[in-house]
């Protein structure tokens, strides 16, 4: 497996991996489940938009895992130098590549990137319904700091 820097030609594949991997655990999917379709855009559109924003905001901090020429996973990062903080907004591995250690290797790669950037700490978050994240992140050395509850309210009736 090769972990390498993201290239714009990887975008469609990482969006595909994202939509497959976040189905059933994405907060935007829960919003849609409870409030319905919003502004004519489904949760997949909103999640893909998040990945697009990650890639545009910090393209040198996005990494992909490639096996046999195929992108099988990715991780996005953000840096806040003012407070010495790294953040991992998104991480996903293709379903048929689960259990091969790709997520762990992507996290380790991102942590090394943050160390080279001389950051003090890194944060990652997951939903309570993401069993994989709740197992993987502590296994990589992250400690749980707290839990957050998400609330939403519809402001307009039209979709």
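Every number in this text was worked out from the coordinates using simple rules, so none of it is lab data. Everything numeric in this text was worked out from a predicted model, so none of it was measured. Methodologically, a virtual Cβ is constructed for each residue, glycine included, from the backbone with ideal geometry; neighbour enumeration extends over all protein chains shown.
A few comments on the model shown:
- Degrees between helix 43-57 axis and first principal axis of the chain (Cα, 0 to 90, nearest 10): 40
- With Cα atoms defining each centre, the stretch 80-129 and the stretch 1-60 are spaced 16 Å apart in the structure.
- Highest-MSF residue in the chain out of 14, 25, 107 [GNM, Cα springs under 10 Å]: 25
- Modelled label reach - residue 132, point 7 Å along Cα→Cβ, the stretch 1-43 residues with backbone N closer than 16 Å: 13-27
- Neighbour-count order for 1, 127, fewest beta carbons within 10 angstrom listed first: 1, 127
- Between the helical axis of 102-116 and the longest alpha-carbon principal axis of the chain there is an angle of about 70 degrees.
- For the chain, the relative contact order works out to 24 percent when only alpha carbon pairs closer than 8 Å and six or more residues apart are counted.
- Between 0 and 90°, nearest 10: helix 11-22 axis offset from the chain longest Cα axis: 70
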